[in-house]
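Presented below is the structure to which this report refers.
Please treat every number below as a calculation from the coordinates, not as lab data. This structure is a prediction, so every number in the text was calculated from the model and none was measured. Glycine also receives a Cβ, built like all others from the backbone with ideal geometry; neighbour counts cover every protein chain displayed.
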Amino acid sequence: MLSFGPNPKNRLYTNLNSYLLFLGYVLGGRLKRDKKDIELFEKALCEKFDTQHAVCVYQCRVGIYLAVKALVKPGQEVILSPYTIADVINMVIFAGGRPVFADVERETCNISAAEVERLINPNTGAVLITHLHGLAAKAHDIKRICDRFNIPMIEDCAQSFGVYEQGKAVGTIGDAGVFSFEMHKNLTTWLGGAVISNRGDVVEKIRAELEGFSYPPLPGITRKVKSGLIHDIAGFPVLFQLLTYPIVRASYLKDIEFVNKKVRRKPQESKPAEHLPEVYKSWYTPFQARLGLSQLNNIDRDIKTRIDNALLYYEKLKDIDELILPPLRTDGSHTYLWFPVQYSNRDELLRFMYSHNRDIAAGHFTSTADSPMFQEFYRDCPNSRKVEKELFYLPTYPRYSRSEVEKNIQVIRQYFHC
Ligand SMILES: Cc1ncc(COP(=O)(O)O)c(C=O)c1O
């Protein structure tokens, strides 16, 4: 078969069943107010994470809002990583907290425990750590610091479902953990997330706040499903190779910004506001819970494939001094949602990769500490700024073949003349 390029850098986890469940919801399921499926999914999450409570939420960011609101008093500071999506910062502000940016470590891209410790003061209300790329942040170390000062720790596990640190699932090390089931994650229900916690008082507050929410208007989920469908069609192997990839490649190499903008991932963001926008005051739906339940059993198998792909990248790239590779972990503390690499001349390397028919992506997060939106909370975070400029992702997803991984490695080595 003609081969114009590899599989897409991101693969969605939708299948026919997902679309059928959505269709059932559109055709009347949304009129039912039966939360049984949600309760079943929450119970399954509690079993998976060996935790007492799980609450499904409309999106991970809404879960972060609810957790911060339950744990932090208005005006208190929340220490967090600047290398995340802007809406996480918005959620902290909407929940009444004041974000305080603590720089990340260069190699892991996760929040630095030393910085957290340095920034704690009598007005600190919580520490929010992000386990990025499937790599556990130093959760146990940071929890010990928090405990010394009697400060709660919240874990943003949006990218880290199924990650363990020292044998404990991330999300269960702090006072509350929040997951995302957005469509690019390893468990996906189009939109959605869950807060898990062993603290009954926190969960009680979260459930009380949710009382004031309602089922989401159909257009929100429909928009997401449509976007998923377009991704699925464009990523269908034959179509991807014959049409999608050649367009993406040509527009990247020729700087056709109109197309590049469409291809680039942009995490959706709330408009400037003082309070949680109405669109977020929505519940998770029963059809999504059924979808989530149907995927739970595949997660560990998929994680194993991702780790195997990551090990291959690591072994074959570790001698290239110019690259900053993620740490090598085989103890479950890194599930390699991607294989994130940093290189000072990233854009030149990406261009070289595209010119050799490779499909990889630059990191899509920005350093929010530098964002004009959060000028009031500015702190100099040089590592986060560097990560923004130098990070790119190599694909690890389960359907990405070993031969594609090998080809990526080969082209990178060719670029470095080794
Ligand atoms: C680190 C991190 N935190 C939070 C979120 C928000 O997740 P959601 O889109 O489910 O609100 C994301 C989404 O990609 C993320 O990557």
* Do any chymotrypsin sites (Phe, Trp or Tyr not before Pro) in the range 335-368 lie in a DSSP loop with no more than 10 other beta carbon atoms within 10 Å, and if so, which? -> none
* For the range 263-418, just say rounded, prolate or oblate: build the C-alpha gyration tensor, square-root its eigenvalues into a ≥ b ≥ c, call rounded for a/c under 1.5, and beyond that prolate if a/b exceeds b/c, oblate if not. => oblate
* For the range 243-329, the fraction of alpha-carbon pairs in successive 10 Å shells from zero, as % -> 11, 16, 28, 35, 10, 0
* Structure fact -> From DSSP H assignment alone, runs of 4+ in the chain each adding -39500 (n - 2.57), the sum over residues rounded to the nearest 500 puts [θ] at 222 nm at -12500 deg cm²/dmol
* Asked: So for the range 1-297, taking the charge dipole from beta-carbon charges (+1 Lys/Arg, -1 Asp/Glu), which of S18, T124, T189 sits furthest toward the positive end?
  -> S18
* **Loop-located GluC sites (Glu not before Pro) in the range 262-366 whose Cβ has at most 14 other Cβ within 10 Å (DSSP)** => E269, E274, E322
* Asked: Per 10 Å bin, what percent of the C-alpha pairs of the range 62-122 does each bin hold, from zero upward?
  -> 25, 49, 25, 1
* In debye to the nearest 20, how big a dipole does the chain give about its Cα centre with +1 on each Lys and Arg Cβ and -1 on each Asp and Glu Cβ? -> 1120 debye
* **Within straight-line cross-link reach of K168, lysines at Cα separation under 16 Å, skipping those fewer than 8 residues along the same chain** => K48, K138, K143
* To do: Find which of I247, L276, T396 sits farthest along the positive direction of the dipole of the chain, computed with +1 on the beta-carbon of Lys and Arg, -1 on that of Asp and Glu, about the Cα centre.
  => I247
* Just from the alpha-carbon atoms, what are the Rg and Dmax of the chain in angstroms? -> 20.8, 65
* To do: Provide the gained length on full extension for the span D331 to A208, in nm with one decimal, where the gain is 0.36 nm per separating residue minus the Cα-Cα distance.
  => 40.5 nm
* Asked: Where both residues lie in the chain, what percent of DSSP beta bridges are antiparallel, nearest 5?
  -> 60 percent
* **For the chain: relative contact order, % (alpha-carbon pairs under 8 angstrom, 6 or more apart)** => 23 percent
* **Size of electric dipole in the range 1-134: Cβ of Lys, Arg +1 and of Asp, Glu -1, about Cα centre, debye, nearest 20** => 580 debye
